[in-house]
Amino acid sequence: MKRKVWLSCLSAVLVVSLLAGCSKSADKESPSASATDGGTKKEEKVTFTYFNAAAGKDKNTNETTIGKILEEQTGVNFKLEHLVGDENTKVGTFIASNAYPDVIVPGNSIDKLVGAGAFIPLNDLIDKYGPNIKRVYEPYYNLMKAADGNIYFLPMSAIVGDYLPAPNVDQGAFWIQRRVLKEAGYPKIKTLDEYLNLIRDYTKKHAEEKLTGYLALTTQDKFFAFTNAPMHLAGYPNDGGVIVDMKTHKANDYGDDDITKRYLQELNKLNAEGLFDKSSFVDNYDQYLAKIASGKVLGFFDYRWQAGQALSNLHEAAVKSGNDDLEYIGLPIVYDKDTKDQYLDPPSFVNNRGIGISISAKDPERIVRFFDNLLTDENQILSNWGIKDQTYKVDDKGRFYRPAEMVTETNAEAFRESFGFKYFEYNWPRYGNGSTLPDGNSAGAGRQPEVAQMSYTEGDKKLLQEYDIKSFSGLFAAPDDRPWYPAWSIPVEQGSPAQIFTQKKGDLQRKYFPKLVLAGANEFDGLWEEYFKEFNKLDVKVYEDLITAEVAKKIENAEGKK
């Protein structure tokens, strides 16, 4: 069925009725569609359980606009449950009871679940019921299969079509409130010293406001947001706990390197000046987000997708008030002026995160057919763009866009929840970030240049003008090619020496890093030496050797040698 016909059909859905024939793909018809074709009896409706190891609001998917349409196509609803508390504790409970939700989207615990036999193999189900799954993922099969040859989960980063870079910052950055830059005359800053000095100057001039100079995220499952900063400051992308040399391709764990010491020492100085939020080491995630949204925090390092809720709330408030002083801008801060930043992700495939079907699932075949139906071009448009003339428009050249009022509406958190964008644009089998549709439109609305330009407020445009850029990612250097990227996606077997090292390293850093930041200036060097000795008692080489070997394999795969 042609896309124009499908879109017209979908627009009529909300007015008249949902026509199940619209679920057919322009490329391949999903087996799930046959159950709802006109003249064929629909399958009985069913609800599956779905656990996402990230914070969020629990909901039935059929309580959203997108979810209701998908239910009419397939008869399938999911009862969404999100993480409360610690991921490892929750997953440990699943494993101990050997009772799981039907579908699981893990975070760092994914290797534990695979190791515990929590997921069913998907190979045969994909062959029988997943032509669209195969179309999207088959180019990545060599990276998805476990050692036994089975596929246990579907990643969310398979790039379909031509790669389209993000116009705005959707990854890591050192964020700073816009009012700080405004008052300083929009300086072009690059180094950590320049960044921190801006914060120092502003807090000194506005002492009566009792501002927080710098905040950090250090919760148990998000501690990487704290430990990753030195890697970026040294001019490397998010390869996790390692830096991979561009020439030798050897992995180095920088946990005991000078770049880590330097970052901790800078935070130690901020703390001594009363500019570092000591509560960073005890706050939970919600408290962290609330502080960002409060407008009292001048700077922090984090990933856009992780601080997104707070940043979006600030943006909504700025749109309503016409004042963007409390909004943030992400900057590519590095240690030294001659260092090239590498914050932006190169095209990549993350193969150690994804969505799996558990051994407790009542009807794995039906779930796979739902996944397959979700991977039609049309349903990817639905999940990311929505409904034509309601949440996006199409110009006379076939380009998707959103007028200013649509941008405002679709960016509002309440609308994103009720419509379903918040639940369906990620955490399912999907066209990965940077994917394009056959007609050249971006699969995701956020990467469509027309949408980015239309979404800019007057405050945004002022910043872009002052820094002589067309989009906010223009502040950042283009990513270098890294065929292995990201190294953190390399699976590390549970219970292996390499995994034991990462666990012990994490425990050690959680013990020492708060001490190093909060210590008196005369205590810092002694504590660092103590930490350094303890770190080097660990078997770091076994971990570095594993990552180096797997990086080499990824390079070989990318070069077609295997």
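For region 340-413, which fully contained helices (runs of 4 or more DSSP H) count at least 1 residues that are open to solvent by 30 Å² or more (accessible area, probe 1.4 Å) and within 26 Å of residue 309 (Cα to Cα)?
Values: elements: 364-374, 377-384, 404-411.
In region 340-413, the matching helices (runs of 4 or more DSSP H) lie at 404-411.
Please give the number of the condition residue 311 fails out of (1) surrounded by fewer than 18 Cβ atoms within 10 Å (Cβ to Cβ); (2) touching a helix residue (DSSP H, G or I) at 6+ places or on another chain (Cβ under 9 Å); (3) of a type in the set (A, V, I, L, M, F, W, C).
(1)
May I ask you to say which residue of 334, 282 is surrounded by fewer than 20 Cβ atoms within 10 Å (Cβ to Cβ) and of a type in the set (Val, Ile, Thr)?
Values: 334 fails: surrounded by fewer than 20 Cβ atoms within 10 Å (Cβ to Cβ).
Answer to the check: 282.
Test each condition in (1) in a loop (DSSP other than H, G, I, E, B); (2) open to solvent by less than 10 Å² (accessible area, probe 1.4 Å); (3) closer than 19 Å to residue 171 by Cβ for residue 429 and report the one that comes out false.
Failed condition: (3).
Hey, could you check region 288-307 for residues that are in contact (Cβ under 8 Å) with a residue 24 or more places away in the chain and hydroxyl-bearing (Ser, Thr, Tyr) and say which is nearest to residue 195 (Cα to Cα)? Before you say what the answer is, go through the steps one by one.
Residues of region 288-307 in contact (Cβ under 8 Å) with a residue 24 or more places away in the chain: 288, 291-292, 295-307.
Checking the rest, the ones that are also hydroxyl-bearing (Ser, Thr, Tyr) come to 288, 303.
Working: 288: 21, 303: 17 Å.
Going through the qualifying residues, I end up with 303.
Going by what's in this entry, would residue 202 be described as among the aromatic types (Phe, Trp, Tyr), under 29 Å from residue 478 (Cα atoms) and at pLDDT 95 or above? Talk me through it step by step, then tell me what you get.
Values: among the aromatic types (Phe, Trp, Tyr): yes; under 29 Å from residue 478 (Cα atoms): no; at pLDDT 95 or above: yes.
Answer is no for this residue.
Which one is nearest to residue 430 (Cα to Cα), of the residues in region 63-108 that are part of a helix (DSSP H, G or I) and β-branched (Val, Ile, Thr)?
From region 63-108, those part of a helix (DSSP H, G or I) are 63, 65-74, 87-97; that's our starting set.
Filter again for β-branched (Val, Ile, Thr), leaving 65-66, 69, 74, 89, 91, 93, 95.
Values: 65: 18, 66: 14, 69: 17, 74: 17, 89: 28, 91: 24, 93: 29, 95: 27 Å.
The selected residue is 66.
So which residues in region 432-448 are small (Gly, Ala, Ser), surrounded by 22 or more Cβ atoms within 10 Å (Cβ to Cβ) and assigned to a helix (DSSP H, G or I), if there are any at all?
Scanning region 432-448 gives a single hit, 445.
List the pairs whose first member sits in region 495-519 and is among the β-branched types (Val, Ile, Thr), whose second member is modelled with pLDDT of 95 or more and open to solvent by less than 70 Å² (accessible area, probe 1.4 Å), and whose Cβ atoms are under 7 Å apart, counting only residues at least 6 apart or on separate chains?
Final answer for the pair search is 502/543; 517/264; 517/267; 517/268; 517/271; 517/276.
For region 167-202, give me the residue count where each residue is among the β-branched types (Val, Ile, Thr), open to solvent by 20 Å² or more (accessible area, probe 1.4 Å) and not in a loop (DSSP other than H, G, I, E, B).
The initial filter retains those residues of region 167-202 that are among the β-branched types (Val, Ile, Thr), namely 169, 176, 180, 189, 191, 199.
Retained after the next criterion (residues that are open to solvent by 20 Å² or more (accessible area, probe 1.4 Å)): 189.
So of that shortlist, the ones also not in a loop (DSSP other than H, G, I, E, B) come out as none.
Of the residues in region 167-202, 0 are among the β-branched types (Val, Ile, Thr), open to solvent by 20 Å² or more (accessible area, probe 1.4 Å) and not in a loop (DSSP other than H, G, I, E, B).
Being over 14 Å from residue 151 (Cβ atoms), open to solvent by 20 Å² or more (accessible area, probe 1.4 Å), assigned to a helix (DSSP H, G or I) and modelled with pLDDT of 95 or more is the filter here; which residues of region 109-136 pass it?
Result: 131, 135.
One residue is enough: does region 150-166 have a residue meeting the conditions within 22 Å of residue 369 (Cα to Cα), at pLDDT 90 or above and surrounded by fewer than 17 Cβ atoms within 10 Å (Cβ to Cβ)?
Just the residues of region 150-166 that are within 22 Å of residue 369 (Cα to Cα), to begin with: 150-160.
So of that shortlist, the ones also at pLDDT 90 or above come out as 150-160.
Cutting the leftovers down to surrounded by fewer than 17 Cβ atoms within 10 Å (Cβ to Cβ) gives us 150.
There is at least one residue in region 150-166 that is within 22 Å of residue 369 (Cα to Cα), at pLDDT 90 or above and surrounded by fewer than 17 Cβ atoms within 10 Å (Cβ to Cβ).
Go through (1) open to solvent by less than 10 Å² (accessible area, probe 1.4 Å); (2) not in a helix (DSSP H, G or I) for residue 324 and report which single condition fails.
All conditions pass for residue 324, except number (1).
Answer yes or no as to whether residue 81 is of a type outside the set (A, V, I, L, M) and either at positive phi or in contact (Cβ under 8 Å) with a residue 40 or more places away in the chain (or both). If you could, list the steps in order and put the result at the bottom.
Values: of a type outside the set (A, V, I, L, M): yes; either at positive phi or in contact (Cβ under 8 Å) with a residue 40 or more places away in the chain (or both): no.
For residue 81, the condition - of a type outside the set (A, V, I, L, M) and either at positive phi or in contact (Cβ under 8 Å) with a residue 40 or more places away in the chain (or both) - is not met.
Considering region 152-170 alone, what residues qualify as being under 18 Å from residue 431 (Cβ atoms) and touching a helix residue (DSSP H, G or I) at 6+ places or on another chain (Cβ under 8 Å)? Let's see the steps before the verdict.
Of region 152-170, the ones under 18 Å from residue 431 (Cβ atoms) are 153-167, 170.
Once the filter is applied, which keeps residues that are under 18 Å from residue 431 (Cβ atoms) and touching a helix residue (DSSP H, G or I) at 6+ places or on another chain (Cβ under 8 Å), region 152-170 yields 153, 154, 155, 158, 160, 164, 165, 166, 167, 170.
If you scan region 241-253, which residues turn out to be surrounded by 18 or more Cβ atoms within 10 Å (Cβ to Cβ) and either small (Gly, Ala, Ser) or without any contact (Cβ under 8 Å) to a residue 60 or more places away in the chain (or both)?
Within region 241-253, 241, 243, 251 meet the criteria.
Tell me, yes or no, whether region 14-29 has at least one residue that is modelled with pLDDT of 50 or more, buried (at least 16 other Cβ atoms within 10 Å of the Cβ), within 21 Å of residue 128 (Cα to Cα) and of a type outside the set (D, E, K, R).
There is no residue in region 14-29 that is modelled with pLDDT of 50 or more, buried (at least 16 other Cβ atoms within 10 Å of the Cβ), within 21 Å of residue 128 (Cα to Cα) and of a type outside the set (D, E, K, R).
In region 247-304, what count of residues is obtained for those that are more than 26 Å from the chain's Cα centre (by Cα) and of a type in the set (Gly, Ala, Ser)?
The number of residues fulfilling the criteria is 2.
Which residues, counting only those in region 135-146, are of a type outside the set (Val, Ile, Thr) and under 17 Å from residue 350 (Cα atoms)?
Kept after step one, since they are of a type outside the set (Val, Ile, Thr), are these residues of region 135-146: 135, 137-146.
Across region 135-146, the qualifying residues are 137, 138, 139, 140, 141, 142, 143, 144, 145, 146.
The values are calculated or read from the model by the stated rules, or taken from the named source; none is laboratory data. What you see is a predicted model, and the numbers here were worked out from it, not measured in a lab. Ideal geometry is used to build each Cβ from the backbone, glycine not excepted, and the neighbour counts take in all protein chains shown. The protein model used for the area step is the full one, side chains on, heavy atoms only, and it has no ligands, DNA or RNA in it. Shrake-Rupley method; radii C 1.70, N 1.55, O 1.52, S 1.80 Å.
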